[in-house]
Amino acid sequence: MPSVVSKQYSDDVSLLVLLLDTNPLFWSTTSITFSQFLSHVLAFLNAVLGLNQLNQVVVIATGYSSCDYIYDSSLTSNHGNLESNGIGMPALFGSLLKKLEDFVTKDEELSKEEVSEDRIPSCLLSGSLSMALCYIQRVFRSGHLHPQPRILCLQGSPDGPEQYVAVMNSIFSAQRLMVPIDSCYIGVQNSAFLQQASYITGGVHHTPKQLDGLFQYLTTIFATDLHSRGFVQLPKPIGVDFRASCFCHKKTIDMGYICSVCLSIFCEHHKKCSTCGSVFGQSKLDDASSVSDKKRKAPST
């Protein structure tokens with residue numbers, strides 16, 4: 001099987017998989033409306049497609065209870081620059097808007113049935129990351145020339161501690177595939193999941209201060225292809241939140257107990273690991289270890 005590099009187009013051709021946060025519980029409380037946010041996103045997607053005629057864009061909607069593919073430019077006959085093709089943005093992204101409307105309606109109905117006081121109103125980030133990696137893996141195995149893939153998470157919802165294991169598995173899978181995960185967080189509090197995803201995979205993490213200028217942030221930071229990033233100054237992480245969520249109560253913790261066999265994390269001492277079944281002795285469980293230090297040393301498996 002030929003290597004991934006030999007099957008790529010030139011270095012400046014990109015496959016952008018965009019994870020779009022459509023969580024109705026978040027957009028009902030934010031200062032910017034979802035329609036305003038979407039106008040910035042659509043203009044950004046058009047800019048990415050206009051930078052190179054071989055660029056591809058895939059959009060995955062990330063809701064509260066579900067996620068789904070809503071746009072794939074490789075399936076659209078006219079996906080180049082809008083002005084050169086003589087068509088408008090509504091015509092180009094007509095299928096995206098229609099599928100997005102159907103998805104938001106369906107997900108909002110599901111969220112009303114599944115919402116609970118105990119669960120944090122987070123979006124299904126773990127599911128959309130898995131779908132993005134599956135799509136990229138299919139591209140790798142297609143046997144055809146393909147652009148260089150990367151993932152961009154546009155999220156405003158808070159992190160869901162119950163998704164910690166699935167999100168970290170996706171992050172390590174992206175690291176093995178050498179697929180960077182960029183993240184743009186538009187919520188009030190920063191996202192530890194997205195910070196870790198960008199840090200581990202070599203992507204860019206940024207939190208815009210003014211959402212009315214979101215398009216400018218997206219185009220100047222996240223429209224840059226991977227080859228050109230070696231020649232421009234992009235935001236660097238000042239501090240990454242390496243805190244983990246315990247496997248027993250799904251809470252974010254600073255200190256905890258770590259199984260030395262499978263690296264499961266617990267906020268309380270247990271006699272047996274609920275993940276691998278190992279019986280804890282003094283040599284099996286690290287007492288009051290720093291979770292962030294252990295995570296830095298953990299193998300990417």
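Checked against (1) at pLDDT below 90; (2) closer than 18 Å to Val17 by Cα, Leu234 passes all but a single condition, namely (2).
Determine whether Ile136 is open to solvent by less than 20 Å² (accessible area, probe 1.4 Å), β-branched (Val, Ile, Thr) and closer than 19 Å to Val240 by Cβ. No.
Only residues that are open to solvent by 40 Å² or more (accessible area, probe 1.4 Å) and assigned to a loop (DSSP other than H, G, I, E, B) were counted across segment 198-225, and they come to 3. Taking segment 202-241, which residues are hydrophobic (A, V, I, L, M, F, W, C), touching a helix residue (DSSP H, G or I) at 6+ places or on another chain (Cβ under 7 Å) and closer than 30 Å to Ile258 by Cα? The answer is Val204, Val240. Of the residues contained in segment 202-217, one or more are found to be basic (Lys, Arg), farther than 18 Å from Ala132 by Cβ and at pLDDT 80 or above.
Considering every residue within segment 145-159, establish whether at least one is surrounded by fewer than 18 Cβ atoms within 10 Å (Cβ to Cβ), modelled with pLDDT under 85 and more than 27 Å from Gln195 (Cβ to Cβ). Yes - at least one qualifying residue is present in segment 145-159. Looking at (1) in contact (Cβ under 8 Å) with a residue 60 or more places away in the chain; (2) of a type in the set (Lys, Arg); (3) closer than 27 Å to Ser28 by Cβ, can you tell me which one Arg176 breaks? Every condition holds for Arg176 apart from (3). Residue pairs whose Cβ atoms lie under 9 Å apart, separated by 6 or more positions or on different chains, with the first residue in segment 133-151 and farther than 23 Å from Thr224 by Cα and the second in a helix (DSSP H, G or I) and open to solvent by 60 Å² or more (accessible area, probe 1.4 Å), do not occur. Tell me, which residue of segment 254-270 that is closer than 16 Å to Met168 by Cα and in a loop (DSSP other than H, G, I, E, B) is most open to solvent (accessible area, probe 1.4 Å)? Step by step, filter segment 254-270, then rank; the result is Leu263.
Here are some residues: Ala244, Ala192. Which one is in contact with a helix residue (DSSP H, G or I) (Cβ under 8 Å, 6 or more places away or on another chain) and either of a type in the set (A, V, I, L, M, F, W, C) or surrounded by fewer than 19 Cβ atoms within 10 Å (Cβ to Cβ) (or both)?
Result of the check over Ala244, Ala192: Ala244.
Annotation note: Cβ proximity below 9 Å between a residue of segment 50-79 that is more than 19 Å from Glu101 (Cβ to Cβ) and open to solvent by 10 Å² or more (accessible area, probe 1.4 Å) and a residue that is part of a loop (DSSP other than H, G, I, E, B) and modelled with pLDDT of 90 or more (sequence gap 6+ or interchain) occurs for Leu51/Ala223; His79/Asn55. Of the helices (runs of 4 or more DSSP H) that lie entirely inside segment 49-118, those containing 1 or more residues that are at pLDDT 65 or above and not charged (D, E, K, R) span 94-114.
Filter segment 1-38 down to the residues that are part of a strand (DSSP E or B) and at pLDDT 90 or above and list them by number. Full working, then the answer.
Of the residues in segment 1-38, the ones part of a strand (DSSP E or B) are 8, 14-21.
Result: Ser14, Leu15, Leu16, Val17, Leu18, Leu19, Leu20, Asp21.
Would you check if Ile186 is in contact with a helix residue (DSSP H, G or I) (Cβ under 7 Å, 6 or more places away or on another chain), open to solvent by 10 Å² or more (accessible area, probe 1.4 Å) and under 26 Å from Ser31 (Cα atoms)? Taking the combined requirement at face value, the residue satisfies it.
The values are calculated or read from the model by the stated rules, or taken from the named source; none is laboratory data. Remember, predicted model here, so these are calculated numbers, not experimental data. Note that each Cβ is placed from the backbone with ideal geometry, even for glycine, and that neighbours are counted across all protein chains shown. We work out accessible area using only protein heavy atoms, side chains counted, and drop any ligands, DNA or RNA first. Shrake-Rupley method; radii C 1.70, N 1.55, O 1.52, S 1.80 Å.
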